[in-house]
Amino acid sequence: MMLSRAKPAVGSTPPQGDRRRKKGKKVPQLEELLAGRDFTGAIALLEFQRHAGEQQEDADLWIGYCAFHLGDYKRALEEYEALTKQPSCNPDVWVNLACTYFFLGMYTQAEQAALKAPKSRLQNRLLFHLAHKFSDEKKLMNSHQNLQDITEDQLSLASIHYMRSHYQEAIDIYKCILLENREYLALNVYVALCYYKLDYYDVSQEVLAVYLQQVPDSTIALNLKACNHFRLYNGKAAEAELKNLTDSASSSFEFGKELIKHNLVVFRGGEGALQVLPPLVDVIPEARLNLVIYYLRQDDVQEAYNLIKDLEPTAPQEYILKGVVNAALGQEMDSRDHLKIAQQFFQLVGESASECDTIPGRQCMASCFFLLRQFANVLIYLNSVKSYFYNDDTFNFNYAQAKASMGLFSEAEEVFLLIQSEKIKNDFVYLSWLARCYIMNKKPQLAWKLYLKMETSGESFNLLQLIANDCYKMRQFYYAAKAFDVLERLDSNPEFWEGKRGACVGVFQMILAGREAKETLREVLHLLRSTGNSQVEYIIRIMKKWAKENRVPV
């Protein structure tokens, strides 16, 4: 943001203050410090000269400039605001002040200050970004039309493309600039970041390596490398990449420290989220989203909803997360409205031109159809991405439910059994679907074992009803009788006696047909004797008569 007219007033004759310097000691000139981007040293020199009464022309401007480039925007703001109050204020100071407001997130003040500055390319670029922040498409297009085919304007356009999730368009601009200016090594970091956003993590690493060979201690580049490792491998690999940064990050680069703290929480699976993320919610955009994800993982759906309900989504990830939160809340509260909102968010992302062929886009369409209970379509989308999620428990949970809903019980059983998460395996939805798969696959004894492992509760009662009814429907009468027997003892509902009676008679029929072991009759009689219904004696008498005639011990 250097002023085009501001240059340090360095004459050929050393100033008087030089007499006080130690012999042989050369104090660096301001130009040298700025050329070497030693902004801390430049501020130290300028402040020393200010206190020594040797202040150069435009020294205040340079202090503001250096503070800005160190990321110390509050200090820069103090300098620029003080300058604007001077009667002889250079009008170009207003655009520098506006840039400082912008980086502090004070967008209204930034616009007001920018409009007080004379027209310039920097002012137009700033108004371009402010229009994006305010979602003012008309102003955005006006500023866009004023952009020229110069490097600074094209970089500004690329950044807007990036923030609007038009990553390929941003890459095209960066590559075009790099072809003409190969010395602009930092652009490789921007290209790598775009590839990261496109999920091309390997390509991102390759491009990033070009920059890291020349600048191996770059905070931003090493952080991006760690993020790539997180996506390609795991959190431990990512954390290892950040190990050097956590100790060496300069206190001057507070934004770097905050970013590293934020990412370490992500790499560690949410550890320390409540201590680190809340203060960063309005500093790092992803902090709010990751805090929402943390609350979801802690099953605190209401807190997640409170944090995201007022967020106006602009990026696919934000739409997806709002969809997930609304879906979770809708299921928890049995709210059709929240489920409808979730379905619409998923559909919006899944059908968008930029996301329709991405993995998240296809997952969104699967989620949309899942909420619409159109499971044939769910399987079309999940089948297209399943190779990427073989060991993903959440994916397999949804995939298995969709298969079971389509009657593909054998395949569904296999997928259910791939799941390792104890949390999911103790979920009633998992238990009930797996029990149904076992029954449909002629393994009722395994469904019964699932029930025996459960503690007595409303969910175990519901599972009993499922086993009783599904086994009866599948002519697996023995386990249907056992389930109805327990239900009858827990609840005097006459329907349970009728189900038990039918199942016991069904077992007897299977024995007569030679499709059930004769020894099973003894247990059936035991089940019947536990009932006080008047019909029992008649049924028992018939069964015992047959057993006596066929020499079956009962």
**Considering residues of segment 42-80 that are aromatic (Phe, Trp, Tyr) and within 18 Å of Glu258 (Cβ to Cβ) only, the residue nearest to the chain's Cα centre (by Cα)** = Tyr73
**Fill in**
Reported set for segment 340-385 where residues are modelled with pLDDT under 95, under 19 Å from the mean Cα position of the chain (by Cα) and open to solvent by 80 Å² or more (accessible area, probe 1.4 Å) is Asp357
**Request:** Kindly provide the set of residues from segment 97-144 that are aliphatic (A, V, I, L, M) and not in a helix (DSSP H, G or I), ordered by number.
**Result:** Leu104, Met106, Ala117
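Is segment 461-479 home to any residue that is more than 30 Å from Ala513 (Cβ to Cβ), out of contact with any His (no Cβ under 6 Å at 6 or more places or on another chain) and aromatic (Phe, Trp, Tyr)?
Let us first name the residues in segment 461-479 that are more than 30 Å from Ala513 (Cβ to Cβ), namely 461-462.
Cutting the leftovers down to out of contact with any His (no Cβ under 6 Å at 6 or more places or on another chain) gives us 461-462.
This time we only want the ones that are aromatic (Phe, Trp, Tyr), so: 461.
Looking for residues that are more than 30 Å from Ala513 (Cβ to Cβ), out of contact with any His (no Cβ under 6 Å at 6 or more places or on another chain) and aromatic (Phe, Trp, Tyr), one finds at least one in segment 461-479, hence yes.
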**Message:** Name the single residue that is nearest to the chain's Cα centre (by Cα) among those in segment 202-229 being open to solvent by 60 Å² or more (accessible area, probe 1.4 Å) and of a type in the set (A, V, I, L, M, F, W, C).
**Reply:** Ile220
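For segment 325-339, which positions are assigned to a helix (DSSP H, G or I) and open to solvent by 60 Å² or more (accessible area, probe 1.4 Å)? Working first, answer last.
Step one: list which residues in segment 325-339 are assigned to a helix (DSSP H, G or I), which gives 325-333, 336-339.
Within segment 325-339, Gln331, Glu332, Met333, Arg336, Asp337 meet the criteria.
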**Message:** Quick check on segment 125-138. Is at least one of its residues open to solvent by 30 Å² or more (accessible area, probe 1.4 Å) and polar (S, T, N, Q)?
**Reply:** yes
**Fill in**
If we keep only residues of segment 268-314 that are open to solvent by less than 20 Å² (accessible area, probe 1.4 Å) and in a helix (DSSP H, G or I), then the residue farthest from Met333 (Cα to Cα) is Leu280
**Message:** So Asn391 passes all but one of these: (1) in contact with a Leu (Cβ under 8 Å, 6 or more places away or on another chain); (2) of a type outside the set (A, V, I, L, M); (3) over 28 Å from Glu422 (Cα atoms). Which condition number does it fail?
**Reply:** (3)
**Complete:** Residue set Arg75, Arg19, Arg50; condition modelled with pLDDT under 75 and part of a helix (DSSP H, G or I); output residue Arg19
**Selected residue (criterion: surrounded by the most Cβ atoms within 10 Å (Cβ to Cβ)) from residues of segment 511-528 that are assigned to a helix (DSSP H, G or I) and of a type in the set (A, V, I, L, M, F, W, C)** = Val524
**Asked** Before we move on, is Tyr162 open to solvent by less than 70 Å² (accessible area, probe 1.4 Å), under 30 Å from Gln109 (Cβ atoms), out of contact with any Ser or Thr (no Cβ under 9 Å at 6 or more places or on another chain) and of a type in the set (Ser, Thr, Tyr)?
**Response** yes
**Fill in**
Scanning segment 533-544 for residues that are part of a loop (DSSP other than H, G, I, E, B) and more than 19 Å from Ala483 (Cβ to Cβ), the one most open to solvent (accessible area, probe 1.4 Å) turns out to be Ser534
**Asked** Of the numbered conditions (1) over 18 Å from Ile467 (Cβ atoms); (2) out of contact with any Cys (no Cβ under 8 Å at 6 or more places or on another chain), Asp427 satisfies every one except a single condition; which is it?
**Response** (1)
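The values are calculated or read from the model by the stated rules, or taken from the named source; none is laboratory data. In this text the structure is predicted, and so the values were computed from the model without any measurement. Don't worry about glycine lacking a Cβ; one is built from the backbone with ideal geometry, like all the others, and counts go over all protein chains shown. We work out accessible area using only protein heavy atoms, side chains counted, and drop any ligands, DNA or RNA first. Shrake-Rupley method; radii C 1.70, N 1.55, O 1.52, S 1.80 Å.
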